[in-house]
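Derivation of every value follows stated rules applied to the coordinates shown; laboratory data play no part. No experiment lies behind these values; they were computed from the predicted model shown. Cβ atoms come from the backbone with ideal geometry, glycine included; neighbour counts cover every protein chain shown.
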Amino acid sequence: MKALIKKLVETTGPSGYEAQIRAVVRAEVEPYADEITVDALGNLIVRKGKRSEKGLKIMLAAHIDEIGVIVTHVDAEGFVRFTTLGGVRPHTCVGGRVRFLNGVSGVISMEPPDDLTKQPTFEQLFIDVGLSSNKDAPVKVGDVAAFDRPFLDLGDRLVAKSMDDRIGAAVLIEALRKVKKTPNELYFVFSVQEEVGTRGATTAAYGLDPDLGLAVDVTGTGDTPRRTKVRMQVSLGKGPAIKVRDGGMLADPRVIDWMVRTAEKAKLPYQLEILEGGTTDARAMQLARAGVPAGCLSIPSRYIHSPSEMVDYNDVQQAVKLMVALVSQPVELK
Amino acid sequence: MMTKNNPEFRLPRIGKAQISLLERLSNACAVSGDEGEVRKIVMEQVKPYADDVKVDALGNVLVTRRGKGVPRLKVMLAAHMDEVGMMITVDEDDGIYRFEVVGGIDAWKLVGKPILIGKDHVPGVIGFKPIHLTDADERKKPVSLDNLRIDTGPVTGKVKVGDRATFATRFIQLGPSLRGKALDDRLGIATLIELVRTAPPQIDLQAAFTVQEENGLRGARVASYAFDPDLAIVLDSTPAYDQPTWDDTENTSYNTRLGAGPAIYVADGATLSDPRLVQHLVQTAEAYDIPYQIRQPGSGGTDAGAIHKQRAGIPSISISVPGRYHHSPAALARLSDWQHTLTLVAAALLQLKPDFLTTQER
């Protein structure tokens, strides 16, 4: 599975520009799919199974877009000014490298700071793609880039840009491969534009009109050094997390219960997740049409929205097992 | 591809009739939620060319002009009829009224401006303490709505709480430029009326003249639900902040520039344009020698923000006539940018093939 993760995280696919990563995922899922469609916004929708009497129509969503940057101006000296696609923060940018969709690479730096105790603003940052002037610049206003960082295998711990949410996509791909029989009609949705506001899942959920929605996405952890005593109760290596709530959603209590029961029955480790900020595609599914019972299987992750996001490989493998257990049986929500 | 030299299809031109229609539209008062005056002009203009015209529950004008041949793409074009303005909130007697702003207007831009209130266009002025009576400290404080009032004179009985008000500016042509209030988005409305008149035959044109854009893209949301189009193009007007900077450094945040042609959106705060539509507009502009610019990606939003997320998703893009000083008493736009916007959208519609969405790479 590490080879799959490496392939996914090293592909460029900022929000709105998911063509490359969609093609990579499509090649991985094609042998296992009963039907593949790409909808109006670019969501890759993979059906497996047909709904039986005891089954439900279930939408599983992992987003294939990643945070990135977009060019706003190339100045007279050839420096590239930019703004963000999704939740990029300035302190993770300086010294980082980006790769444009057309293959051009660059390094992010900043104007000399007035005050070293303060974070720079995006207006002070620029990308240097190695030019001396803007004449014949290889990038132009509106061009899009993602952070550029190779996959790092530390044994149990894996580090990469865009673990958020290629690790979710990897879990769904592995689960799709491993689900042999299911009474449910499963739609594996590799969604677009999550980082700019769960837009892809919004339209995919409307189109599919599922009975149940489950997102797979990363969540934060409280297990790194900090000065405050208040810590999020999620750690790396203690199993995948079952979301109770985040900044945009209260998970359906029946869905939480079903996930907990399934994990315990399968003797799989799990953690319960309360995330203060942020949200996932599960919110979009929950609010689709007349409302959908929704939940989220989260992969604990450190340093989210930095170019070096870290997950635990055991958590990832347990998440696959839990996902397979969840969708292979008739679902009882009570 | 047909080109500008191909005589088969004449692209629409802006002449005196179009400018005088823009003048009527700019001078009409239609603050969000009270778009009746503009709606009336739109209805009168589009009826002779439409297969179907209706006003929906929120007040959007929904116009369908069907093409010939099968299959046909359903193409939604949207422009918003509403403008930013004010609403009377408290009658303080003697012709003095408290008010709030509708849509985004900086309070300091209101000071001292003549306005028109309600359906009868009752004239008023937004008053503030005169400089004779302010001290140095007071002058440094930001203007807040709490210390502004609308003053009508007094006139009894004609102004009531809930009435909308807009700037009293009258439209004028200044050589190559057009100046008026509410050019955001009467330029889009005037463009859309012209496109309804001249729609190419291979598409079904679904024109939405929308309400309540300035207070949250509300009209477009329900209009796109009703139309359920294959793709959407939004016609708006976006700020140009292209003047030289005060310290002569390079202006790197201009949003758009006057005279540089229609502004094609790649990304704003509400929408990532469909890459196929970006490519289509850019390629059309290049094939027809129409100048264009890419609007600087950033914040803000157009009706596309509501449209693209409707139902199971609608590939969308926006294109704007650049204009200086929007959301103020008087905006300034170039006639040439308007002409090029109309030409580009007309040509892009003409070049839309029925299999566009399945064959175009994204």
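Values computed for the structure shown
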item: 5 angstrom amide H check on A:Glu185, placed H, neighbours 5+ away; result: A:Arg51, A:Ser52, A:Leu56, A:Lys57, A:Ile58
item: Residue-count net charge about B:Gly305 - beta-carbon cut-off 12 Å; Lys, Arg +1, Asp, Glu -1; result: 0
item: Amide H partners (placed H, <5 Å) of B:Val102, local residues excluded; result: B:Gly85, B:Met86, B:Met87
item: Separation between Cα centres of the stretch B:228-274 and the stretch B:12-44, rounded to whole Å; result: 23
item: 5 angstrom amide H check on B:Leu73, placed H, neighbours 5+ away; result: B:Asp204
item: Whole-Hz ³J(HN,Hα) from phi, Karplus 6.51 cos²θ - 1.76 cosθ + 1.60, for the stretch A:150-156, glycine and proline x; result: x, 5, 10, 9, 9, x, 5
item: Degrees between helix A:199-208 axis and first principal axis of chain A (Cα, 0 to 90, nearest 10); result: 30
item: Backbone N under 16 Å from the B:Lys158 label point (7 Å along Cα→Cβ), restricted to the stretch B:106-124; result: B:114-124
item: Under Karplus coefficients 6.51, -1.76 and 1.60, residue-wise ³J(HN,Hα) of the stretch A:175-182 in Hz, glycine/proline x; result: 5, 4, 5, 8, 6, 8, 10, 8
item: GluC sites (Glu not before Pro) within the stretch A:3-61, DSSP loop, no more than 10 other Cβ atoms inside 10 Å; result: A:Glu53
item: Selection of trypsin sites (Lys or Arg not before Pro), the stretch B:7-75, meeting DSSP coil and at most 10 other Cβ within 10 Å; result: B:Arg10, B:Lys68
item: Tilt relative to chain B, helix B:183-197 - C-alpha long axis, 0 to 90 degrees, to 10; result: 30
item: Residue-averaged 222 nm ellipticity for chain A, from DSSP H runs of 4+ at -39500 (n - 2.57), nearest 500; result: -7500 deg cm²/dmol
item: DSSP-assigned coil residues among trypsin sites (Lys or Arg not before Pro) in the stretch A:141-244, each with at most 16 further Cβ atoms within 10 Å; result: A:Lys180, A:Lys181, A:Arg226, A:Arg227, A:Lys229, A:Arg231
item: The stretch A:304-319 - phi-based ³J(HN,Hα) in whole Hz, Karplus 6.51/-1.76/1.60, Gly and Pro as x; result: 4, 6, 10, x, 10, 8, 10, 10, 9, 5, 5, 4, 5, 5, 5, 5
item: Within the stretch A:36-63, backbone nitrogen closer than 12 Å to the virtual label 7 Å beyond the Cα of A:Arg289 toward Cβ; result: A:57-59
item: Rough spin-label spacing in nm, given labels placed 7 Å along Cα→Cβ, for B:Thr359 and A:Lys178; result: 4.5
item: Check: the stretch B:85-167 dipole with +1 on Lys, Arg Cβ and -1 on Asp, Glu Cβ, in debye; result: 300
item: Fraction of antiparallel bridges per DSSP, the protein assembly as shown only, in percent to nearest 5; result: 65
item: Highest-MSF residue in chain B out of B:Pro229, B:Pro322, B:Pro244 [GNM, Cα springs under 10 Å]; result: B:Pro244
item: Estimated dipole of chain A in Debye, rounded to 20 [Cβ of Lys and Arg +1, of Asp and Glu -1, Cα centre]; result: 1200
item: Label-point separation in nm, A:Met1 to A:Arg157, each point 7 Å along Cα→Cβ; result: 1.9
